[in-house]
Amino acid sequence: MERGYDLLEVLRYLEPAELTYQEWLNVGMALEQEGYSADIWDEWSRRDPGRYHPGECMKKWRSFHGAAHEPVTGGTIVQYAREQGWTPPYDPGHELDWEDTLSAEGVVIDKNWVEGQEIQEPSRWDPAGELIRYLETLFEAGENVGYVVKSWKKDEKWLPADKGSYDRTAGQLIEALSKSGGDIGSVLGDYDPEAGAWIRFNPLDGDGPRDINVTDYRYALVESDGMDLEKQHALIRELELPVACLVYSGKKSLHAIVRVDAADYNEYRKRVDYLYKICKKNGLELDQQNRNPSRLSRMPGAIRGNKKQFLLDTNIGKANWNEWKEWVESVNDDLPDPENLLEAWEHMPELAPSLINGVLRQGHKMLLAGPSKAGKSFLQIELCIAIAEGRKWLSWPCTKGKILYVNLELDSASCLHRFRDVYAALGWMPDNLENIDIWNLRGKSKPMDKLAPMLIRRAAKKNYIAVVIDPIYKVITGDENSADQMANFCNQFDRVCTDLGVAVIYCHHHSKGAQGSKKSMDRASGSGVFARDPDALLDLIELELSEDVLKQEENKAVCAACKIYLDSHFKWEDDLSQDDLLSSHQMLSYCENKLDQRQFQAVQRLVEEAREAARKKSAWRIEGTLREFPKFSPVNLWFQYPIHRVDESGVLGDIEPEKEQAPWKKGAAKNQKKAGERKEDRKKALEEAVEGSNFGDKPAVKDVANFLGISERSVRDRVKEHGGYVVEDGTICKKSDAGKTED
């Protein structure tokens, strides 16, 4: 068996649905090789109902025996479980090699230095008093208690003969025992003194004695019958187990009823697993069959052969489970010792080198937050490329090095094409592609607490200086709005940073609604932990572009398109002034006069593409909250698929992000905008009517009214509103022409 691991325990953490058909076969071969039965494989395979077929396991199993293939061992099962996120709870031990290291995790005592502790029978034997004390310690008066007094013998061993009783409460039993005169048989029923009697330590519902009948997962049983009694006694006390009752079984073991105080069955299993692991690591070998919460334990107050089953002690060790667990983990935690400032003052350690100059250090964390459609994934790809090539990312120089991009959202082909497209749009030569590794996990992502150890294992020897995880909503564990759950989630990033010595960079989305009135730290969705945990928070917010700004960008795009075409065909720069180079009208006029018809049509196609691209551009502002560096001035960006470019012109500097407004203000603003649009429409309509209603001559008010389909009074009102026309002698003319007579 692989390094002594219990393969049945490992199979609990291995999901058949996540394995290929060949991997599923390998699990069966490994179980057969390690001496397990086909029933184990069959029962485990049922956890994948979509692919499970009755009888298939048995059929395949018979083909394994004597087959001419390389033996598949239990190590294969362990490896598959590791790949699915399982971390071994302990190393069961093996012969040490020269390069092996010793782990003391979970070890709180050295059993070799623990002296045995004597066990003393009670000086006065009071069977009813023993049991009353036990019941009062473990149960509330109204809780049902399960017990068994009938027994039978098998292979020289006495066993419970039936399910026993479970319909009486602790209060009823205590009252009856108090009046029994010490005869517990008169209350519980007579038992065989050779066999003794048994009792269940968790309360039941009165309908049965099974696990499903347990009403409170309060206690677990710790029993070790493979070592000296006095050594057992000493180890239980040295481990400071939160023992409610410690019972001598009347034979070769102590029964410690340990407080685990689990909320439900799942938590009970986890806590018992942890309890048994710590006991084993500290030399207390336990009976592994005692895990279930409805288990029978030895009843104090009964006789077993020539020995008494008695209560050795109550309420020893730590007060409760949490206190005990904290103590265990504090004894051998891996936290550093406090440092004295005086000693470090003259010998300060070197700061971690910068990864993104003025923003982020190597080994630290950065969160990129923003709304949808901000191009956050493209921004992260741009950062990956900048680090790989050792170039600037937006305004910040980057340290050159290897980077891992964890892709959780795109299929592999789309992701690879994105990297190629971004390289092309940036205009950079791909000189250092070997510095970029991409881990494509779409459809295979796992919660971050399981993904982190897998990532660490794969990246340990790659010498990365940064890991980008895109996006984190795919790996979030717990409630996004819960501070403690998100703190635990963010701790996984710390684990990656610490174990690999890399910077971890990830992105998260904004909450709903306008964000302009919020501080950058308060825009990310969910708990405030998201914004306060990273060492650098870069927040993206959209800038709403006015029509004037869009026209200005369109003008620049047209000029650039004309220039590109002219540069490839002519020596032309001396023909135009600097002002002409900035005017799309002048550039197009020059092209129309300079080029033949075919060439000018080509320019027009380029111009239309440039205009369309300019209209599709969006504007963004990055604000930062930094832990290690001074705050930087906001950086304004243009996002033109697929890349972001810093606004060098400064046109975005005065634009304010959209702010949340009251509904009535939103309505008023909307109506004001519509009113302005209607006024502009009326102005243009009047101009068309004046020009077209009388073949270019001055039209009469009546002519314009007929052209527009409105009254003459309305025409006069529109003339006043327009401001560029007047009514003179019943006709409409431009103000500049008023008073002039025709020759």
Of those in the stretch 532-551 that are in a strand (DSSP E or B) and among the charged types (D, E, K, R), the residue farthest from the chain's Cα centre (by Cα) is Glu542
So Val243, is it in contact with a strand residue (DSSP E or B) (Cβ under 9 Å, 6 or more places away or on another chain) and of a type in the set (A, V, I, L, M):
yes
It is to be established whether one or more residues within the stretch 629-636 are open to solvent by 70 Å² or more (accessible area, probe 1.4 Å) and closer than 25 Å to Ala424 by Cα.
no
Cβ-Cβ distance below 9 Å, separation of 6 or more or different chains: which pairs start in the stretch 434-452 with a residue that is under 18 Å from Arg418 (Cβ atoms) and end on one that is of a type in the set (Gly, Ala, Ser) and surrounded by 17 or more Cβ atoms within 10 Å (Cβ to Cβ)?
Asn435/Ala388; Asn435/Gly401; Ile436/Ala388; Asp437/Ala459; Trp439/Ala459
Selection within the stretch 552-594 - closer than 21 Å to Leu652 by Cα, open to solvent by 30 Å² or more (accessible area, probe 1.4 Å) and assigned to a helix (DSSP H, G or I)
Gln552, Glu554, Asn555, Lys556, Ala560
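Conditions (1) in contact with a His (Cβ under 8 Å, 6 or more places away or on another chain); (2) of a type in the set (S, T, N, Q); (3) in contact (Cβ under 8 Å) with a residue 60 or more places away in the chain; (4) open to solvent by 50 Å² or more (accessible area, probe 1.4 Å), marked per residue:
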residue	(1), (2), (3), (4)
Tyr265	no, no, no, yes
Leu275	no, no, no, no
Lys281	no, no, yes, yes
Leu284	no, no, yes, no
Asp287	no, no, yes, no
Arg291	no, no, yes, yes
Arg295	no, no, yes, yes
Gly301	no, no, yes, no
Asn306	no, yes, no, yes
Counting only residues that are assigned to a helix (DSSP H, G or I) and in contact with an Asp or Glu (Cβ under 7 Å, 6 or more places away or on another chain), which one in the stretch 683-728 is most open to solvent (accessible area, probe 1.4 Å)?
Lys702
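Could you tell me whether the stretch 319-330 includes any residue that is within 30 Å of Arg218 (Cβ to Cβ), of a type in the set (A, V, I, L, M) and in contact with a Gly (Cβ under 9 Å, 6 or more places away or on another chain)?
Checked the stretch 319-330: at least one residue is within 30 Å of Arg218 (Cβ to Cβ), of a type in the set (A, V, I, L, M) and in contact with a Gly (Cβ under 9 Å, 6 or more places away or on another chain).
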Could you tell me which numbered condition Val260 fails, if it satisfies all but one of (1) touching a residue at least 40 places away in the same chain (Cβ under 8 Å); (2) out of contact with any Asp or Glu (no Cβ under 7 Å at 6 or more places or on another chain); (3) closer than 26 Å to Glu194 by Cβ?
(3)
Yes or no: the stretch 174-182 includes at least one residue that is closer than 29 Å to Arg269 by Cβ and within 54 Å of the chain's Cα centre (by Cα).
no
Does Val467 count as modelled with pLDDT under 95 and either in contact with a strand residue (DSSP E or B) (Cβ under 9 Å, 6 or more places away or on another chain) or under 26 Å from Trp638 (Cβ atoms) (or both)?
no
Residue pairs qualifying under the 6 Å Cβ cut-off, at least six apart or on distinct chains, with the first in the stretch 389-402 being over 22 Å from Trp638 (Cα atoms) and the second being in a strand (DSSP E or B), are Thr399/Leu355; Gly401/Ile465; Lys402/Tyr464
When the stretch 595-619 is examined, which residues are found to be open to solvent by less than 60 Å² (accessible area, probe 1.4 Å) and part of a helix (DSSP H, G or I)?
Gln599, Phe600, Ala602, Val603, Val607, Ala610, Ala613, Ala614
Every pair of residues 6+ apart whose Cβ atoms lie under 8 Å, when the first sits in the stretch 687-708 and is closer than 13 Å to Glu728 by Cβ while the second is open to solvent by 100 Å² or more (accessible area, probe 1.4 Å)
Pro699/Phe707; Val701/Arg716
Can you find a residue that is under 23 Å from Arg295 (Cα atoms), open to solvent by 60 Å² or more (accessible area, probe 1.4 Å) and modelled with pLDDT of 85 or more anywhere in the stretch 117-135?
yes
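So, in the stretch 447-476, exactly how many residues are open to solvent by 30 Å² or more (accessible area, probe 1.4 Å) and part of a loop (DSSP other than H, G, I, E, B)?
So the count comes out to 6.
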When residues of the stretch 192-225 are filtered for being without any contact (Cβ under 8 Å) to a residue 60 or more places away in the chain, more than 23 Å from Lys270 (Cα to Cα) and open to solvent by 20 Å² or more (accessible area, probe 1.4 Å), how many remain?
2
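The values are calculated or read from the model by the stated rules, or taken from the named source; none is laboratory data. On a predicted model such as this, the values are computed, not experimentally measured, just so you know. We place every Cβ from the backbone using ideal geometry, glycine too, and count neighbours over all the protein chains shown. In case anyone asks, the SASA skips ligands and DNA or RNA and just uses the protein heavy atoms, side chains included. Shrake-Rupley method; radii C 1.70, N 1.55, O 1.52, S 1.80 Å.
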